[in-house]
1. Do you know which of the residues in segment 332-357 that are of a type outside the set (A, V, I, L, M) and within 18 Å of THR291 (Cα to Cα) is least open to solvent (accessible area, probe 1.4 Å)?
2. In segment 172-224, what residues are farther than 21 Å from ARG313 by Cα, open to solvent by 30 Å² or more (accessible area, probe 1.4 Å) and assigned to a loop (DSSP other than H, G, I, E, B)?
3. Within segment 234-255, take every residue that is crowded, with 16+ Cβ neighbours inside 10 Å and either in a helix (DSSP H, G or I) or among the hydroxyl-bearing types (Ser, Thr, Tyr) (or both) and give me the one that is farthest from the chain's Cα centre (by Cα).
4. Going through segment 132-157 one residue at a time, which ones are among the basic types (Lys, Arg) and either on the phi > 0 side of the Ramachandran plot or assigned to a helix (DSSP H, G or I) (or both)?
5. Please list, ordered by first then second residue, the pairs with beta carbon atoms under 7 Å, 6 or more apart or interchain, first in segment 290-303 and touching a residue at least 12 places away in the same chain (Cβ under 8 Å), second open to solvent by 30 Å² or more (accessible area, probe 1.4 Å) and part of a helix (DSSP H, G or I).
6. Considering only segment 152-177, state which residues are farther than 20 Å from ASP134 by Cα and out of contact with any strand residue (DSSP E or B) (no Cβ under 6 Å at 6 or more places or on another chain).
7. Looking at (1) buried (at least 19 other Cβ atoms within 10 Å of the Cβ); (2) touching a residue at least 40 places away in the same chain (Cβ under 8 Å); (3) out of contact with any strand residue (DSSP E or B) (no Cβ under 8 Å at 6 or more places or on another chain), which is the only condition THR360 fails?
8. Kindly indicate whether any position in segment 319-331 is among the acidic types (Asp, Glu), more than 21 Å from ALA250 (Cβ to Cβ), at pLDDT 95 or above and surrounded by fewer than 13 Cβ atoms within 10 Å (Cβ to Cβ).
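The values are calculated or read from the model by the stated rules, or taken from the named source; none is laboratory data. Since the model is a prediction, treat every value here as computed from it, not as a measurement. Cβ coordinates were reconstructed from backbone atoms using ideal geometry, including for glycine residues, and neighbour counts include every protein chain displayed. These accessible areas exclude ligands, DNA and RNA; they are computed on the full protein's heavy atoms, side chains included. Shrake-Rupley method; radii C 1.70, N 1.55, O 1.52, S 1.80 Å.
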Amino acid sequence: MKTNVPIISVKYLRTAALRSAIDPVPSIRRAAARNCAAAAPGTGEYFNSGTGFPRIYVHRFTPNCCRIGEAFVLFASALSTAFTALLDVEHPVVSAPMADAAGGYLAAAVSAAGGLGLIGGAYGDEGWLRREFDRAGDARVGCGFITWALAEQPALLDVALSYRPAAVMLSFGDPAPFAAAVRDSGARLICQVQDLGQADRALGCGADVLVAQGIEAGGHGFGCRTTMTLVPEIVDLVAARDSTVPVLAAGGIADGRGLAAALMLGASGVLCGSLFYTAAEALTTPAARETVAAATGDSTCRTGVYDVIRGYRWPAGHTMSVLRNAFTDRWHGAEADLAAAGDPVAAQYRQAVAEADYRTANVTVGQAAGLIGPSAPAGDIMAGLTAEAARLLAR
């Protein structure tokens with residue numbers, strides 16, 4: 001749904017005049033209008049207009065636009081949603097907590113560009129987690145965990161919470177054992193789900209945000225649901241539960257068209273992984289980024305071979321989206337043989353990772369690969385994504 005409101009000129013900067021001008025706009029509550037009016041307007045300043053309502057932007061007219069007194073223009077951003085209000089961010093975009101790719105520099109860059117960056121807690125390494133939070137510095141970032149792996153090292157949650165993250169995202173497992181600790185810390189609890197049953201469970205655990213992940217997504221996923229139908233069904237489920245929990249769309253979203261489409265499906269934003277896998281700040285190699293830039297959605301496959309070779313015990317039903325290569329061609333469908341091959345093949349894999357040889361090593365992206373260009377700073381990626389979406393929504 002578009003959240004644009006009419007452009008309104010306000011003369012003389014008088015609080016009463018500002019209130020009277022914006023009160024009639026149906027998209028903005030009177031209380032929100034008073035809050036905005038009470039703040040000192042200035043060029044490029046945002047003011048919150050209340051939970052579930054767009055943030056308000058106050059911008060000074062240039063003299064050649066309006067010569068009568070000190071005039072301002074007030075409008076609501078087309079990309080303001082319940083998620084941006086809840087997390088107090090400018091854009092409804094979250095960078096996924098990708099294992100081995102989403103570190104502190106990337107998370108900080110996404111947050112600096114107006115989104116919410118998440119550090120990937122992955123399979124659990126306290127030293128790595130502390131290092132990446134330190135790299136994020138004072139940036140307002142969050143963190144994500146693979147829930148079943150966190151259950152094996154629950155103390156890592158305390159480590160993450162000690163850095164006062166804006167949000168903690170839990171994926172692939174029961175969030176219940178960790179939900180209270182996350183919410184009691186003041187962080188927002190984001191739960192990624194792949195079907196309606198998981199969504200209902202997450203709502204019951206007190207999730208502040210749901211991520212509806214379709215099978216198009218890069219990295220691990222579960223089941224067979226696609227983003228296009230899963231997102232509106234989960235949005236409807238939330239509404240049927242009389243809940244206002246925002247839903248983010250994930251899977252196959254890598255440009256402004258995808259962001260705009262997600263908002264039209266009822267989502268309050270998007271979570272993007274593959275798009276930021278190639279960002280200059282990501283913990284990926286230049287060779288991996290170049291491989292993605294040359295790929296298409298047809299280049300991907302969902303497989304379990306990299307979990308077998310790395311010794312990760314993923315629950316049944318989970319698969320991993322990667323770019324096809326000689327390794328997947330050889331071993332996909334022959335996972336039992338791969339497991340039996342043992343350490344010699346595992347050693348070859350580790351050497352390939354060290355040498356950035358992606359004929360064997362994994363490039364972990366999803367079907368959005370064909371929409372991703374050459375590597376660029378995360379800020380530039382964010383700017384292109386949001387500008388295109390805003391332009392499309394304004395049509």
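1. Taking segment 332-357 and keeping what is of a type outside the set (A, V, I, L, M), we get 332-333, 335, 337, 342-344, 348-351, 355, 357.
Pick out the ones that are also within 18 Å of THR291 (Cα to Cα) and you get 349, 355, 357.
Numbers: TYR349: 19, GLU355: 114, ASP357: 36 Å².
Restricting to residues being of a type outside the set (A, V, I, L, M) and within 18 Å of THR291 (Cα to Cα), the top hit is TYR349.
2. Across segment 172-224, the qualifying residues are SER185, GLY186, ASP195, GLU216.
3. Just the residues of segment 234-255 that are crowded, with 16+ Cβ neighbours inside 10 Å, to begin with: 234-235, 237-238, 245-255.
Filter once more, so that each one left must be either in a helix (DSSP H, G or I) or among the hydroxyl-bearing types (Ser, Thr, Tyr) (or both): 234-235, 237-238.
Values: ILE234: 17, VAL235: 17, LEU237: 21, VAL238: 19 Å.
Among those that are crowded, with 16+ Cβ neighbours inside 10 Å and either in a helix (DSSP H, G or I) or among the hydroxyl-bearing types (Ser, Thr, Tyr) (or both), it is LEU237.
4. First, pick out the residues of segment 132-157 that are among the basic types (Lys, Arg): 135, 140.
Selection gives ARG135 alone.
5. As it stands, the answer is ALA295/GLY370; THR296/GLY370; GLY297/GLN367; GLY297/GLY370; THR300/GLN367, since those pairs meet every condition given.
6. Residues satisfying the conditions are GLU152, GLN153, PRO154, GLY173, ASP174, ALA176, PRO177.
7. Answer for THR360: the failing condition is (2).
8. Yes; the residues of segment 319-331 include at least one that is among the acidic types (Asp, Glu), more than 21 Å from ALA250 (Cβ to Cβ), at pLDDT 95 or above and surrounded by fewer than 13 Cβ atoms within 10 Å (Cβ to Cβ).
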